[in-house]
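J.: Can you keep this structure in mind? I'll have questions shortly.
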Amino acid sequence: MSAKSFNVAVAGATGAVGNEMIKCLEARNFPVKNIKLLASSRSAGKKLSFMGDMVSVEELREDSFKGVDIALFSAGGGTSQTYAPHAASSGCVVIDNSSAWRMDPDVPLVVPEVNPHAIAGYKKKGIIANPNCSTIQMLVALNPIYRKFGIRRIVVSTYQAVSGTGKKAIDELFDQTRAMINFVDYSTNVYPHRIAFNCLPQIDVFLENGYTKEEMKMVNETRKIFENDKIGVTATTVRVPVFYSHSESVNVETLTPVSAEEVRALLAMAPGVKLMDDPKEKIYPMPILAAGQDLTLVGRIRKDESIENGINLWVCADNIRKGAATNAVQIAEILGRDYL
Ligand code: A2P
């Protein structure tokens, strides 16, 4: 990182991802000249710590972005839809974690390990989109395979942590679990059914085609990031009673023949990946190993014996860090270094 420094705003600073964005800026020593923490009027005046200082949270408003160079948004899709254009017209670059802008052809959708060159497209709208958490970790793992062997089709099933839904969902899993082990009544507010000791095969709303919005995000975002509309992707996304880190079972059909050994060797050197693949020693990725760090863990690599060029993988990553905050701050690092 150069000697440049930037005025940074975090919109949604009091939320699960916003909070992690603040920690990530600190931990990665991002060159912050001044930080502005923004949330709803409910949080105005609340104080949050940044680099040892207590910073007052301000209400997010249309004029919040004067003098700001980079704004990290994680305050929900509606908020991004409304406020990101105001931020961009004030001259700052928005890195948006919501789904509001991801499929806009004038907005780059970026995983730094996969398509950092796409960041250059930020000039059209002043907005860069952070992909969906499940897409990010899948593509960090698949990118080396895609570049070397090509990919015809991906079949993915996810096991997603409640933190992806935000703070209220973390509280709901905690409260329901405590209620159940104490044999007392619980309430269900965030999800359509109880999440404690259960799995919900529904993330976001159902669409006309029978898939959920989350499932179609994985399909459409994968094609946009790989810049390839021909890749077949089919996803089943499931919410599980885990607090942090998403897991994914990923089946890939490559264009050219591939062995498990070749994939292991590629992923051992891949940026952002930690290979954990020693089944005899019971070494494989798990949410408890992925949580609280930034690498995408990959293991259980084996040939899909039912097809010609098939490989199976098991992939875990911290959905709040690499799946959201860290990916956004990595984009900000490249933006600051190469473009601002
Ligand atoms: P607040 O805490 O004031 O409600 P999470 O995803 O963990 O639920 O967090 C959502 C984040 O987005 C919080 O920081 C929340 O602020 C913020 N937020 C939600 N709605 C708005 C809004 N209309 N304007 C500004 N910030 C909002």
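J.: Would you mind telling me which numbered condition in (1) open to solvent by less than 30 Å² (accessible area, probe 1.4 Å); (2) touching a Phe, Trp or Tyr at 6+ places or on another chain (Cβ under 8 Å); (3) more than 16 Å from the ligand (Cβ to nearest atom); (4) assigned to a loop (DSSP other than H, G, I, E, B) Lys125 fails?
T.: For Lys125, the failing item is (1).
J.: Hey, another quick one. What are the pairs with Cβ atoms under 7 angstrom where one residue, in segment 32-59, is among the polar types (S, T, N, Q) and the other, located anywhere, is more than 8 Å from the ligand (Cβ to nearest atom)? Sequence gap at least six, or different chains.
T.: Within 7 Å, the pairs are Asn34/Asn7; Ser56/Gly45; Ser56/Lys47.
J.: I've got another one for you. Considering only segment 289-340, state which residues are free of Cβ contacts under 8 Å to residues at least 12 places away in the same chain and either buried (at least 17 other Cβ atoms within 10 Å of the Cβ) or of a type in the set (Ser, Thr, Tyr) (or both).
T.: Ser306 - this is the single residue of segment 289-340 that is free of Cβ contacts under 8 Å to residues at least 12 places away in the same chain and either buried (at least 17 other Cβ atoms within 10 Å of the Cβ) or of a type in the set (Ser, Thr, Tyr) (or both).
J.: What are the residues in segment 75-108 that are open to solvent by less than 60 Å² (accessible area, probe 1.4 Å), in contact with a helix residue (DSSP H, G or I) (Cβ under 7 Å, 6 or more places away or on another chain), away from the ligand (no atom under 15 Å from the Cβ) and in a loop (DSSP other than H, G, I, E, B), if any?
T.: Residues satisfying the conditions are Trp101, Arg102, Pro108.
J.: Among the residues of segment 3-16, count how many are surrounded by fewer than 24 Cβ atoms within 10 Å (Cβ to Cβ) and touching a residue at least 40 places away in the same chain (Cβ under 8 Å).
T.: Within segment 3-16, residues that are surrounded by fewer than 24 Cβ atoms within 10 Å (Cβ to Cβ) and touching a residue at least 40 places away in the same chain (Cβ under 8 Å) number 6.
J.: Would you confirm whether any residue within segment 272-291 is touching a Ser or Thr at 6+ places or on another chain (Cβ under 7 Å), closer than 25 Å to Gly166 by Cα and part of a strand (DSSP E or B)?
T.: No: zero hits.
J.: As an exercise: evaluate Gln160 against (1) crowded, with 20+ Cβ neighbours inside 10 Å; (2) more than 16 Å from the ligand (Cβ to nearest atom); (3) under 30 Å from Asn309 (Cα atoms); (4) polar (S, T, N, Q) and give the number of the one condition it does not meet.
T.: The number of the failed condition is (2).
J.: Turning to a different aspect of this structure: With the condition kept exactly as written, say whether any residue in segment 6-14 is assigned to a loop (DSSP other than H, G, I, E, B), on the phi < 0 side of the Ramachandran plot and within 16 Å of the ligand (Cβ to nearest atom).
T.: Yes: one or more hits.
J.: Among Val258, Val329, Val263, Val273, which is in contact with a strand residue (DSSP E or B) (Cβ under 7 Å, 6 or more places away or on another chain) and within 20 Å of Glu221 (Cβ to Cβ)?
T.: Val273
J.: Restricted to segment 17-43, and to residues that are under 15 Å from Asp53 (Cβ atoms) and within 16 Å of the ligand (Cβ to nearest atom), which residue is most open to solvent (accessible area, probe 1.4 Å)?
T.: Lys23
J.: Find the residue count for segment 47-71, including only residues that are more than 13 Å from the ligand (Cβ to nearest atom), of a type in the set (Asp, Glu) and closer than 26 Å to Ile128 by Cα.
T.: Total meeting the criteria: 2.
J.: Follow-up. Residues Asp175, Asp185, Asp229: which one is surrounded by fewer than 18 Cβ atoms within 10 Å (Cβ to Cβ) and either within 16 Å of the ligand (Cβ to nearest atom) or of a type in the set (Gly, Ala, Ser) (or both)?
T.: Asp175
The values are calculated or read from the model by the stated rules, or taken from the named source; none is laboratory data. Every value quoted in this text rests on a predicted model; they were computed, and no experiment measured them. Neighbour counts are summed over all protein chains in view; Cβ atoms, including those assigned to glycine, are modelled from backbone coordinates with ideal geometry. Note: accessible area is taken over every heavy atom of the protein model, side chains too, but ligands, DNA and RNA are not part of it. Shrake-Rupley method; radii C 1.70, N 1.55, O 1.52, S 1.80 Å.
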